[in-house]
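First comes the structure, then the notes that go with it.
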Amino acid sequence: MKRYIITGAPGTGKTTLLNALQQQGYCTFKEVSRRVIVSQQNINGTKTPWQDIIGFTELVSQQIVQELALPLTSDAFVDRGLADTIAYLNLKNHPIPKKLQQFDYKNYYHTMVFLLPIWEEIYIIDSQRLQSFEEASKLQDLIIEVYQKLGFSIIMLPKASITERLKFITNFIE
């Protein structure tokens, strides 16, 4: 059993899609990044992508690795994979820790990654998503680059309704 990664820039509909997959009975894991940001905001912490990217990616990485250790009874879907942290570090021009470079991604994840493309019509900024549309676009390019370098196949989802996106994914995996 492995995890399918659903990734993309902030504000592309990943959470909505994961919620729809969960409603269809699929095992899902919510985005660790957002949980870390909310937790940091609640304690007035600084380990956020805009204050301390190193501390932020360390917290996110630790929590993702803990989730990866959980046994699966079926394939699952995750809102972002561990390699997304590499893209965030690349966006801020920070070095990539060896543990992220040497991690055995394919042991935990399917090699097919579903990417939701940046979509200006649905993009909004909120209290956990402070990136401009332009910065989010750059992040998307880096996410694609990181996963391709790690040997994953990128499956670009259409800019379509949640029902169409759900059908698109289920057609791929069944």
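Only the coordinates and a few stated rules stand behind these numbers; no lab work does. The structure presented is a predicted model; accordingly, all values stated were derived computationally and were not measured. Methodologically, a virtual Cβ is constructed for each residue, glycine included, from the backbone with ideal geometry; neighbour enumeration extends over all protein chains shown.
Taking amide hydrogens as placed 1.01 Å from N in the peptide plane, the amide H of residue 77 sits under 5 Å from those of 4, 27, 28, 29, each at least 5 positions away in sequence or on another chain.
Peptide packing: for 113-120, 165-172, the average count of neighbouring Cβ atoms within 10 Å per residue gives the ranking 113-120, 165-172, highest mean first. Output the antiparallel fraction of DSSP beta bridges having both residues in the chain, as a percent to the nearest 5. Close to 5 percent. Summarising the amide proton neighbourhood of residue 8: residues at separation of 5 or more, or on other chains, whose placed amide H is nearer than 5 Å comprise 116.
For the set 99/159; 2/149; 2/159, the pairs lying more than 29 angstrom apart at their alpha carbons are 99/159.
For the stretch 87-99, putting each phi into the Karplus relation 6.51 cos²θ - 1.76 cosθ + 1.60 with θ = phi - 60° gives couplings of 4, 4, 5, 4, 4, 9, 6, 9, x, 9, x, 4, 5 Hz, in residue order, rounded to whole numbers and with x for Gly and Pro. Comparing 96, 122, 53 in a Gaussian network model of the chain (Cα springs below 10 Å), the most mobile by mean-square fluctuation is 122. In order along the stretch 161-166, the phi-based Karplus estimate (6.51 cos²θ - 1.76 cosθ + 1.60, θ = phi - 60°) of 3J(HN,Hα) comes to 5, 4, 4, 5, 5, 4 Hz; Gly and Pro are listed as x. The share of C-alpha pairs in the stretch 68-174 whose separation exceeds 16 Å stands at 65 percent.
Between residue 109 and 3, the built amide H atoms are under 5 Å apart, and every one of these is 5 or more places off in sequence or on another chain. Here the translational diffusion coefficient of the stretch 70-121 follows from Stokes-Einstein with Rh set to the Kirkwood radius across Cα pairs; for 37 °C and 0.692 mPa s it amounts to 248 µm²/s. The 3J(HN,Hα) values that the Karplus relation (6.51, -1.76, 1.60; θ = phi - 60°) gives for the stretch 10-15 are, in residue order, x, x, 9, x, 4, 5 Hz. Gly and Pro appear as x. A helix-only calculation puts the chain at -14000 deg cm²/dmol for mean residue ellipticity at 222 nm, using -39500 (n - 2.57) for each DSSP H run of at least four residues, averaged over all residues. Positive end of the dipole of the chain, charges at C-beta (+1 Lys, Arg; -1 Asp, Glu), about the Cα centre: which of 26, 71, 5 has its Cα farthest in that direction? Looking along the dipole axis, the top candidate is 71.
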